[in-house]
Amino acid sequence: MIDYTDIRLLKELQKNAKLTTKELGDRINLSSSPTFERQKRLEREGYITNYVAKVDHRKLGNNLIVFCNIRLKQHSKKLGEEFVAEMKKISEVTECYNTSGGFDYLIKIYLRDMEHYHDFVYNTLGVIDCIGSLHSVFVIAEEKANSGIPVALEV
């Protein structure tokens with residue numbers, strides 16, 4: 001079970017995971033040692049799963065963000081597992097969700113431009129046999145891109 005101090009610690013780490021233990025402790029009003037112990041406990045208990053650097057996709061030339069709804073040819077465990085395994089191999093696919101509704105999966109893709117998208121659809125997704133159809137939505141403007149997770153006490 002986490003408490004209010006743990007929540008503050010998680011919020012601060014989501015803002016900047018490069019904070020030293022002292023800097024983090026100063027922000028949550030604890031000394032370094034208890035801050036370190038709390039952080040390690042949150043890691044052990046699975047609240048903190050990883051530390052990553054957030055990279056500006058535009059600086060890397062990936063100016064096009066596409067959300068692609070995928071419908072499999074049929075609903076089966078085998079095809080679902082095959083699709084997910086393929087998505088894990090494709091670097092342009094950064095997120096993949098099994099969804100409800102008219103489509104089976106939603107993937108988020110970062111691409112250079114429309115030419116790259118065209119090539120990606122035909123030569124990457126188009127060769128995955130379990131895909132029945134897809135519907136793409138192109139991001140016009142990225143208005144909010146927060147990778148943090150809302151953190152609150154359980155009631």
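The values are calculated or read from the model by the stated rules, or taken from the named source; none is laboratory data. Keep in mind it's a predicted model, so treat the numbers as computed, not measured. All Cβ positions, glycine included, derive from the backbone under ideal geometry; neighbour counts span all protein chains shown. Keep in mind that these areas ignore ligands, DNA and RNA; they rest on the heavy atoms of the full protein, side chains included. Shrake-Rupley method; radii C 1.70, N 1.55, O 1.52, S 1.80 Å.
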TODO: Would you confirm whether any residue within region 74-91 is under 19 Å from His57 (Cβ atoms), free of Cβ contacts under 8 Å to residues at least 60 places away in the same chain and open to solvent by 50 Å² or more (accessible area, probe 1.4 Å)?
DONE: yes
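Residues checked against (1) surrounded by fewer than 17 Cβ atoms within 10 Å (Cβ to Cβ); (2) under 19 Å from the mean Cα position of the chain (by Cα); (3) closer than 30 Å to Val121 by Cα:
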| residue | (1), (2), (3) |
| --- | --- |
| Thr20 | yes, no, no |
| Glu23 | yes, no, no |
| Arg41 | yes, no, no |
| Val55 | yes, yes, yes |
| Arg58 | yes, yes, yes |
| Cys68 | no, yes, yes |
- [ ] Could you tell me which residue of region 93-108 is nearest to Gln74 (Cα to Cα), considering only residues that are crowded, with 18+ Cβ neighbours inside 10 Å and not aromatic (Phe, Trp, Tyr)?
- [x] Asp104
Open item on the list: Need the failing condition index for Leu72 against (1) touching a Ser or Thr at 6+ places or on another chain (Cβ under 6 Å); (2) within 20 Å of His135 (Cα to Cα), just the number.
Closed with: (1)
Task: Residues that are more than 26 Å from Lys54 (Cα to Cα), polar (S, T, N, Q) and open to solvent by less than 50 Å² (accessible area, probe 1.4 Å), drawn from region 109-146 - done: Ser133
TODO: Tell me which residues, restricted to region 1-40, are closer than 22 Å to Lys54 by Cβ, touching a helix residue (DSSP H, G or I) at 6+ places or on another chain (Cβ under 7 Å) and without any contact (Cβ under 8 Å) to a residue 24 or more places away in the chain.
DONE: Arg8, Glu12, Leu19, Thr21, Leu24, Arg27, Ile28
